[in-house]
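Peer 1: Encoded as structure tokens, here's the structure I'll be asking about.
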Amino acid sequence: MSDGPRSIVILGGGTAGWMAANLLAHHLGREVAVTVVESPEIGIIGVGEGSTPQLKAFFDALGIAEAEWMPRCNATYKAGIGFRGWSTAPGFEGYFHPFATMLDDRTAPAFYANARAKRLGADVWAHPDRFYLPARLAADRRAPVSPDNQVSYGYHFDAHLVGAFLRDHAVGLGVRHLQHRVVDVAVTDGHVTHLVTDSDEEIAADFFVDCSGFRSVIAQGALGVRFLPFASNLFNDSAVVMPTPRDPSGTNCQTISTAMRHGWAWDIPLTTRTGNGYVYASGYCSADEAETELRAHLGLLDSLVEARHLKMRVGRIAESWSGNCLALGLSQGFIEPLEATALHIVQATVEGFLRAWRDGDYTPKHRDTFNRTIAARYEGIRDYIVCHYRVNCRADTDYWRANAANDDLSDSLKAILTCWFTGGDLEEEIARQDIAKYYAPLSWHCLLAGYGQFPDPKRMRTRVQAPATDMAAIDAFIANKAQEFPAHEAALTTLHN
Ligand SMILES: Cc1cc2nc3c(=O)[nH]c(=O)nc-3n(C[C@H](O)[C@H](O)[C@H](O)COP(=O)(O)OP(=O)(O)OC[C@H]3O[C@@H](n4cnc5c(N)ncnc54)[C@H](O)[C@@H]3O)c2cc1C
């Protein structure tokens, strides 16, 4: 470590800042002084309560057991995301996007074969939910955890409590925590030398991590890194948020995403409350309209529950690593939260950065490659989210019609859609493009089949023969396996004991 950095300052104490502090302190050890400086007056965004399975890898890497953090953060298990009301195709009004598990390897080939045959005109079952165990677990409110089965899953949690938990853990690892507002950033030749606080204190370091949220104080503010908006193909730029009491009938282990008139609403179950929010496009709907629609959706039209309104900057910055600064979290970019990918990107960015930085002896030797990799990740995820808007087949408002008609699609997404609609091998196409690291064939198949994107067999001149898929055997396998998983409530109670 002799030639490495001696000090790293992280600006921002939101989830991104504290995740970075833990990962850096964990990987670099106490030889590197890590400091987090945050302004309690500015505060954190305080949303972002659903994760992908990557968050499990994060806690596992830090050696933090679920029993340690989940009860403190009102956390629940998440088997995947249920999409409701996005499609109007009969029989396809809802589908479940599962987090893939090894058990799904047993049923996925049959799903892919059926979906392809249906695309080629065969009359076969091709709705994803019947093929995947997590869909059954979510429907039955069973936790996706079982000592006998390796299953991958994510979490729901209270963002403020996770931040506080990670702060305490990081401080325990030796991270210094300062509470100041940063009013200036001193830069010489593209390198940050120090931050200046509102009490005129100078905070110097060898390296800086900008976790200052949408403000992007160092990266976009002081270093002038360009922001590349995704507004031309992701229209949503606003959200309204409103909690409700927890569901007295039990706790879901899925996020529910319901299509609304100008966007979609999330339902995220915590142990103490349900988090709700409506993500919408301000070009099509005012904040008041969105709030009223969300209240109606939640049955809260006459309620005094306060709503919180947020603006979102959707896009990414041109270079996540610039000079001696890494931008992370909202400061680095944001893809609207439909698939809850933001914290996943935070973790992937820190890990990728540490690898590149170490391999280059703590110099920017591999910076361009790293930046290209991160940019490709943003764009890979963006394409998958754009696909939701392109193929859902809602057409009841200008918002949905504009989404469906929007031809601003990447070449990658165009090739995926062409492959699907011409009956091609989607697994092969995903492998050809090397994009399974963003979304795997399972995800793409679930999305396209889940919205009922199949040609009308009556209009097809030739039809392939239906594959010999034994649906009864798949049903039995999933029903039997599901019995091996505990009720969600019971699994959460166990964590408290
Ligand atoms: C509507 C919505 C829904 C979302 N849902 C999800 C989801 O389900 N899953 C998911 O993974 N992500 C989600 N996200 C994203 C998620 O909220 C963020 O990625 C996550 O909270 C990390 O935010 P952050 O730490 O980058 O920024 P913030 O939480 O905004 O933190 C910024 C920090 O910087 C500090 N700061 C800023 N300026 C200064 C200054 N001048 N001086 C000192 N300190 C300063 C602030 O005090 C704060 O501590 C969602 C986002 C939105 C907008």
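No value in this document is a laboratory result; all are computed from the given coordinates. Treat the numbers as computed from the prediction; the structure is a model and nothing was measured. Glycine gets a Cβ as well: all are built from the backbone with ideal geometry, and neighbour counts include every protein chain shown.
Peer 1: Give the residues of the range 97-126 whose amide nitrogen is closer than 17 Å to a point set 7 Å from the Cα of Asp148 in the direction of its Cβ.
Peer 2: Residues passing the 17 Å test: 102-104.
Peer 1: Taking the Cβ of Ser322 as the center, what net charge do the other residues with Cβ under 12 Å away carry, scoring Lys and Arg +1 and Asp and Glu -1?
Peer 2: Cβ neighbours under 12 Å give a net charge of -1.
Peer 1: If amide H atoms are built 1.01 Å from N in the plane of the peptide, which residues on other chains or at least 5 residues away come under 5 Å of the amide H of Ile10?
Peer 2: Here the answer is Thr35, Val36, Val37, Val209, since their amide H atoms fall under 5 Å of that of Ile10.
Peer 1: Also, quick follow-up: Run the numbers on the range 99-241 and let me know its relative contact order in percent, using alpha-carbon pairs under 8 Å that are six or more apart.
Peer 2: Answer for the range 99-241 is 13 percent.
Peer 1: Right, next: Please report the equivalent ellipsoid semi-axes of the range 1-141, computed as sqrt(5 x eigenvalue) of the Cα gyration tensor, largest first, in whole Å.
Peer 2: In descending order, the three semi-axes are 42, 18, 15 Å.
Peer 1: Suppose every Lys and Arg Cβ carries +1 and every Asp and Glu Cβ carries -1, with no other charges. What dipole size does the range 348-411 come out with about its Cα centre, to the nearest 20 debye?
Peer 2: 240
Peer 1: Calculate one ³J(HN,Hα) per residue across the range 228-243 by plugging θ = phi - 60° into the Karplus curve 6.51 cos²θ - 1.76 cosθ + 1.60, and present them in order as whole Hz with x for glycine and proline.
Peer 2: Those phi angles translate into 10, x, 9, 4, 6, 10, 10, 7, 5, 9, 8, 8, 10, 10, 7, x Hz.
Peer 1: Then there's this: Put one equal scatterer on each alpha carbon of the range 301-374, apply the Debye formula with no solvent term, and list log10 I(q)/I(0) at q = 0.24 1/Å to two decimals.
Peer 2: Here the Debye-derived log intensity ratios amount to -1.08.
Peer 1: Any chance you could list P(r) for the range 214-280, counting all Cα-Cα pairs in 10 angstrom bins from zero, rounded to whole %?
Peer 2: 18, 31, 27, 20, 4, 0
Peer 1: Expressed in nm², what is the orientationally averaged projection area of the convex hull enclosing the Cα positions of the range 34-77?
Peer 2: Orientation-averaged projected area of the Cα hull: 4.4 nm².
Peer 1: Let me ask another. Using the beta-carbon distance between Asp247 and Asp198 and R0 = 51 Å, what value does 1/(1 + (r/R0)^6) give for FRET efficiency, to the nearest 0.05?
Peer 2: 0.70
Peer 1: Here is a follow-up. At what distance in angstrom do the alpha carbon centres of the range 433-497 and the range 389-404 lie from each other?
Peer 2: When both Cα centres are located, 25 Å separates them.
Peer 1: Which log10 I(q)/I(0) values, to two decimals, does the range 265-405 give at q = 0.10, 0.15, 0.21 Å⁻¹ under the Debye formula with one point per Cα?
Peer 2: -0.48, -0.89, -1.28
Peer 1: Work out Dmax and Rg for the chain from the C-alpha atoms and quote the Rg first, both in angstrom.
Peer 2: Using the Cα atoms of the chain, the pair Rg, Dmax is 23.1, 76 Å.
Peer 1: With +1 assigned to the C-beta of every Lys and Arg and -1 to the C-beta of every Asp and Glu, and no other charges, what is the dipole magnitude of the range 345-453 about the Cα centre in debye, to the nearest 20?
Peer 2: I would put it at about 320 debye.
Peer 1: Turning to a different aspect of this structure: Restricting to the range 1-109, compute how many DSSP beta bridges are antiparallel as a %, nearest 5.
Peer 2: Within the range 1-109, antiparallel bridges account for around 50 percent of the total.
Peer 1: Then there's this: What is the extension gain from Asp288 to Asn480, computed as 0.36 nm multiplied by their sequence separation minus the C-alpha to C-alpha distance, in nm to one decimal?
Peer 2: That works out to 64.3 nm of additional length.
Peer 1: Let me know the charge dipole size of the chain about its Cα centre in debye, to the nearest 20, where only the beta-carbon of Lys, Arg (+1) and Asp, Glu (-1) is charged.
Peer 2: 1100
Peer 1: In the range 149-285, what is the volume of the convex hull around the alpha carbon atoms, normalised per residue and reported in Å³?
Peer 2: Output value, Cα hull per residue: 218 Å³.
Peer 1: Can you find, among Leu343, Thr369, Ala395, the residue sitting farthest towards the positive end of the charge dipole of the range 323-398, where Lys and Arg contribute +1 and Asp and Glu -1 at Cβ?
Peer 2: Sorting the options by dipole projection puts first Thr369.
Peer 1: Then there is this: How large is the translational diffusion coefficient of the range 25-107 in µm² per second when you combine the Kirkwood radius over alpha carbon pairs with Stokes-Einstein at 37 °C and 0.692 mPa s?
Peer 2: After rounding, the answer is 192 µm²/s.
Peer 1: Using θ = phi - 60° and the Karplus form 6.51 cos²θ - 1.76 cosθ + 1.60, what ³J(HN,Hα) does each residue of the range 93-108 get, whole Hz, x for Gly and Pro?
Peer 2: 3J(HN,Hα) across the range 93-108, in whole Hz: 6, x, 8, 10, 9, x, 7, 5, 10, 4, 5, 5, 4, 6, 10, 4.
Peer 1: Under 19 Å Cα-Cα from Lys56, which lysines qualify once same-chain neighbours fewer than 8 residues away are excluded?
Peer 2: Qualifying lysines at Cα under 19 Å: Lys78, Lys437.
Peer 1: Additional query: For the chain, build the charge dipole from Cβ charges (+1 Lys, Arg; -1 Asp, Glu) around the Cα centre, then report which of Cys419, Gly299, Gly380 sits farthest towards its positive end.
Peer 2: Sorting the options by dipole projection puts first Cys419.
Peer 1: Considering the Cα trace of the range 346-497, what is its radius of gyration and what is Dmax, both in angstroms?
Peer 2: Spelled out, the Cα radius of gyration and Dmax of the range 346-497 are 21.3, 63 Å.
Peer 1: Could you work out the relative contact order of the chain, using alpha carbon pairs under 8 angstrom and six or more residues apart, expressed as a whole percent?
Peer 2: Value for the chain: 24 percent.
Peer 1: Still on this structure, please answer the following. Give the aspartates and glutamates whose C-alpha is closer than 12 Å to that of Lys481, dropping any in the same chain fewer than 8 places away, or say none.
Peer 2: The qualifying aspartates and glutamates are Asp104, Asp148.
Peer 1: Indicate, rounded to the nearest 5 percent, the antiparallel portion of the DSSP beta bridges found entirely in the chain.
Peer 2: So the antiparallel bridges in the chain amount to around 70 percent.
Peer 1: Could I ask something else about it? How large is ³J(HN,Hα) for each residue in the range 120-131, as worked out from phi by the Karplus curve 6.51 cos²θ - 1.76 cosθ + 1.60 (θ = phi - 60°), to whole Hz, x for Gly and Pro?
Peer 2: Couplings: 9, x, 6, 8, 10, 6, 9, 7, x, 4, 6, 9 Hz.
Peer 1: Right, next: Would you mind putting 60-69, 9-18 in packing order, based on average other-beta-carbon counts within 10 Å, highest first?
Peer 2: Top of the packing list down: 9-18, 60-69.
Peer 1: Sum -39500 (n - 2.57) across every DSSP H segment of at least 4 residues in the chain, then divide by the residue count to get the 222 nm mean residue ellipticity, nearest 500.
Peer 2: -11000 deg cm²/dmol
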